[in-house]
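Shown next, in structure tokens, is the structure this report addresses.
Readers should treat all values here as calculations from the given coordinates under stated rules, not as data from a laboratory. None of the values given here were measured: they were computed from a predicted structure. Glycine gets a Cβ as well: all are built from the backbone with ideal geometry, and neighbour counts include every protein chain shown.
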Amino acid sequence: MIGQQYSFTPQCLVVPANTLITFRRASAHVIHGMLITGTNMNLMIEPGFISTFKTTFDRPGDHLMPCHEFCGTGHEGMWANVKVVDKNAFMRLTDHARRASCGL
């Protein structure tokens, strides 16, 4: 995931529940912060570095991932989403595609 003023790319990720997920984040230009609501995950994203953390989501749900480090005048609209789906549903979604879409 790339942080840039004032968005994260991609803006939505679909991941399976009960699976170890590795998040890799980078910034194109300034410091950003990202947390995942409903969890204890909190990450600083600094230019020139790839921030990495691993986690497992225990159950399906939607989690907002806002930028929590002020990065300029569009900061308040900078967010992304992680959609956690049942592992079997995820396998069906990706059976014929390389990626699962957030618009399930």
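Which net charge results for the neighbourhood of residue 85, defined as the other residues with beta-carbon distances under 14 angstrom from its beta-carbon, given Lys and Arg at +1 and Asp and Glu at -1?
Local net charge: +1.
Could you size up the charge dipole of region 63-104 around its Cα centre, putting +1 on the beta carbon of Lys and Arg and -1 on that of Asp and Glu, and report it in debye to the nearest 20?
Dipole magnitude for region 63-104 comes out near 280 debye.
Stretch residue 58-residue 35 to full length: gain in nm at 0.36 nm per residue minus the Cα-Cα span?
My answer for the length gained is 6.6 nm.
Let me spell out the model: positive unit charges on the Cβ of Lys and Arg, negative unit charges on the Cβ of Asp and Glu, origin at the Cα centre of region 2-93. What dipole size does that give, in debye rounded to 20?
Charge dipole, region 2-93, about its Cα centre: 360 debye, nearest 20.
What are the ³J(HN,Hα) couplings of region 32-48, residue after residue, when phi is run through the Karplus curve with 6.51, -1.76, 1.60 and θ = phi - 60°? Round to Hz, x for glycine and proline.
10, x, 9, 10, 10, 4, x, 9, 9, 8, 8, 9, 9, 10, 10, x, x
Explain nothing, just compute: Karplus ³J(HN,Hα) = 6.51 cos²θ - 1.76 cosθ + 1.60, θ = phi - 60°, for every residue of region 77-85 in order, whole Hz, x for Gly and Pro.
x, 8, 7, 9, 9, 10, 9, 9, 10
Using 0.36 nm times the number of residues separating residue 88 and residue 50, minus their current alpha carbon distance, what extension gain do you get?
My answer for the length gained is 10.6 nm.
Residue 70 to residue 28: FRET efficiency via 1/(1 + (r/R0)^6), r the Cβ-Cβ distance, R0 22 Å, to the nearest 0.05?
Efficiency computed from Cβ-Cβ geometry: 0.85.
Tell me, what ³J(HN,Hα) does each residue in region 15-27 have, in order and in whole Hz, if you take phi through Karplus 6.51 cos²θ - 1.76 cosθ + 1.60 with θ = phi - 60° and put x for Gly and Pro?
9, x, 6, 6, 9, 5, 10, 9, 9, 10, 10, 9, 10
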